[in-house]
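Okay, so here's the structure we're looking at.
Throughout, read-outs are computed from the coordinates displayed, never taken from laboratory work. Just so it is clear, the model here is predicted, and its values are computed rather than measured. All Cβ positions, glycine included, derive from the backbone under ideal geometry; neighbour counts span all protein chains shown.
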Amino acid sequence: MDKKSIRTGIIIAAVIVITAALFFTAGSVREHIKAKNAYKLAESYVKHGEYDRAMGILDSLIVDRVGDKKAVSMIDKIIYLKNSDATYEEVFSPDFKLEDLPEEERNRVRKNSSSGSDNGNNRNRTGGNYDEYSDRQNDERTRELAGRDLTISVDTSELSEGISSAFESTLSSMRSALEESSKQANENQKAMENLLKMQQEQSVENERKNQEQLRKLEEQRQLEEKRRIEENERIEKQKLAEEEKKRREAEEQKKKAEIEKKNAENKKTMDEVDGELRLGKAALAMGNYEEAIKHFNAADSKSGTVDASYKAMMDSKIASSMYEAALKSQDKDEIKRLKLEAVELAQKAVEVNPSDAAAYYILAQDAVDKKDYEKACANLKKAILNNPDEFMYYYDLGKNSYLLKKYSEAVSAFSTACEKNKTYAPARYNLGLAYKQLKNETAALEAFRKTLDIDPRHEKALMEEGRLLNARGDYAGAADSYEKLLKINSMNVQAAMQLGSAYRQLGNLAKAENAYKKALTMLDGGENQILTKYNLSTVLFDEKKVQDAEKYASEAYNELASTEKNMTSYAVNITYNYALILDSEGKIDEALPKYMEVLSLEPDHEKTRINLGVMYMTLDPPDVEMALKMFIQVYNKNKDNFEANNNLGSVYALKEDYDNAIKFYKNALRLEPKSNDIRTNLGKAYAKNAQYDLAKVTFGEVLRADPDYYEVYIELARVCIQLGDNAAAEKNLLILQARKSDYKASEVQSLLDSI
């Protein structure tokens, strides 16, 4: 074989050896990186207490790398860590070696780990002693290979160009394989780092959960401790409470015995007090007030030995008995003494017991006696506050409020009294009076009628019912009430007087006369007798019984003058009535001074001035100026006085002042538009004033309103003649003859003849 061929063969062999070495080296690098990552992952699991997962990773590593001493050593450490009190930091410290442990400790660990599985591998668990230095060298070599590109330098200068090219191609392929292996190793490294990062995060989360669990366990422990303490406290309190209960029961038993003894003594005393009280009431019933007070004083004295509240109660009862006796007594001195004793006892009672309603009631009655109605109301309100069911307290409160003119409060009190006792007529009657003061006539009338439902013979309610009906204009209803009242009490003079007024309003003068005369039989002087005679005289005057009317008018006038009571408010009407009756009888000389007396009492009395004016006009000869003066005075005070205007028209007609006559007749007609007498007088004034057209119209209005006003036919005929309308004059005269042939027949015929 030539030299060139030998050289070529050597080169090829070298290439093959180098290629094999490179592939072997690349595979070793990958295996070493994988093992290193497995160690780190297993150690991370151990650090977080995941021993089984760590041993699983190491078991798999040993399967791939038989005899991996480091993996075996780590497994032994994990087993030791699981079965001892050592910590992770101690066992996995570089200075920790299992072979340094005492034999006894190593045997104990082996014994405790005998139940563990070795996955069928025949592992060396004698301590895992291997060359740590060599292993570290391998790690450094591996990092060097993984961190740089491998470069193989082969001198091919003497090879042929073809062999050199083939060798270069082989080296290029080996380099690509190494680069790919390195790239894969880097990716594996990154994946391992990510895994470790995730495991670390999971470890942190697990640590947080463990801490949370520990916190909850601690809270649970504290809660249980608190409950235990509370339970102990409860038991202790219960024990103390039971002891306190026993102590109180013992004290109560003792007090009960004392109370029973005291009650027995008090009962004896109270029986004695009740006996004295009964004797006192019996003495009162017999009118023996001295004896009654003696027993009451004994009862009061003995009651003080019981207790203050019992004494206050007895004082109140004694006070009530004394006050009731005072109300029944006829002896003024006894009444005064009994009331005084009652009030003193009542005052003592309320000082000890401010809730004693009966005592407040007595104090209220005492205030009423003294006319201190405000104080009475105050005490009655206290009585009501402490006994709101006693209707009499409300009734008396209503009466005192009424006296104080507090009518709304009176209504409230009486209403409550009526609710508390629906059959007590006085409360309902007084409620009506209070409503009447408030001008609530409807409610008042209802109250009076309900009073009569309770007590049909209640005279005052019948009287008030009649007055309200009379004020309403229901005179028939009023008369019925008064008639019922007089059937119950025929001597009720007010009912008789009011009945007379009701019948007069109804126009039943005969019954009015009888009622007034009945009233007079019950009267014996005084204001009512004067008023009744006055009213009777007015009724008799309306009945045209003028002489009888004058008799009672005269008596009323004379009795008025002789009475000591001031009756000025009635004097004007009584005097005027007497003057009017005298005037109507033509007794001018007697009537005139009476009219003047009225004017002295009331200078602006219109009816008196009108009557005087008419009287002056009827004198022979008439005193026109005096009459005019009287009418003018009335007119100046009241321009709408019908009589003043009408009479002024007549006076001015007498004076032949027809302009003024027309003016005042027109005023009067405005006030009384239906008066044909005034319209006729106006027509005559027009005719006298030569205003024939207006006279004709005015007379025509009279006849249209009253075709039987015969005088106007003649007046109208004269006006027509003045107007030259003889036909109309003749027509009216013929109508008059047809309607009333005998009316002023000669005058009518004379006018017909003149046409």
Margin query: Per 0.36 nm of contour for each residue apart, how much would the distance between Leu734 and Ala510 grow if the chain were fully extended, relative to their Cα-Cα spacing?
Written below: 76.2 nm
Next item on the list: Rounded to the nearest 0.05, what FRET efficiency do Leu403 and Asn638 give with R0 = 45 Å and r taken as the Cβ-Cβ distance? Could you check?
Entry: 0.65
Check: Working out 0.36 nm times the residue gap between Lys209 and Glu105, then minus their Cα-Cα distance, what length gain in nm do you get to one decimal?
Finding: 34.0 nm
Notebook entry, point to check: Each residue of region 236-243 in order: what ³J(HN,Hα) in whole Hz does its phi give by Karplus 6.51 cos²θ - 1.76 cosθ + 1.60, θ = phi - 60°, with x for Gly and Pro?
Noted result: 5, 5, 4, 5, 5, 4, 5, 5
Notebook entry, point to check: At a Förster distance of 51 Å, what's the computed FRET efficiency of Glu711 paired with Thr442, Cβ-Cβ distance as r, to 0.05?
Noted result: 0.50
Check: Each residue of region 362-377 in order: what ³J(HN,Hα) in whole Hz does its phi give by Karplus 6.51 cos²θ - 1.76 cosθ + 1.60, θ = phi - 60°, with x for Gly and Pro?
Finding: 5, 5, 5, 5, 5, 5, 5, 4, 8, 6, 9, 6, 5, 5, 4, 4
Check: Using a ≥ b ≥ c from the Cα gyration tensor of region 407-480 (square roots of the eigenvalues), is it rounded, prolate or oblate, where a/c under 1.5 gives rounded and otherwise the larger of a/b and b/c decides, a/b for prolate?
Finding: oblate
Check: For region 493-586, what ratio Rg/Rh do Cα atoms give with a Kirkwood hydrodynamic radius?
Finding: 0.95
Next item on the list: Would you kindly derive the ³J(HN,Hα) couplings of region 339-353 from the backbone phi angles with the Karplus curve 6.51 cos²θ - 1.76 cosθ + 1.60 (θ = phi - 60°), listing them in order in whole Hz, with x for Gly and Pro?
Entry: 5, 4, 4, 4, 5, 4, 5, 5, 5, 5, 4, 6, 5, 7, 10
Check: Rounded to the nearest 0.05, what FRET efficiency do Glu602 and Asn558 have when you use their Cβ-Cβ distance and R0 = 30 Å?
Finding: 0.90
Item checked: Global form of region 644-721, assessed from the alpha-carbon gyration tensor, a/c cut-off 1.5 -> oblate
Item checked: Segment Asp274-Met626, length gained on full extension (0.36 nm per residue, minus Cα span) -> 117.8 nm
Checklist line | For region 603-664: rounded, prolate or oblate by the Cα gyration tensor [a/c cutoff 1.5] | finding: oblate
Check: Could the peptides 327-335, 635-643 be put in order, highest first, of the mean number of other beta-carbon atoms found within 10 Å of their residues?
Finding: 635-643, 327-335
Checklist line | Computed label-point distance, nm, for sites Glu243 and Thr423 using a 7 Å Cα→Cβ extension | finding: 6.6
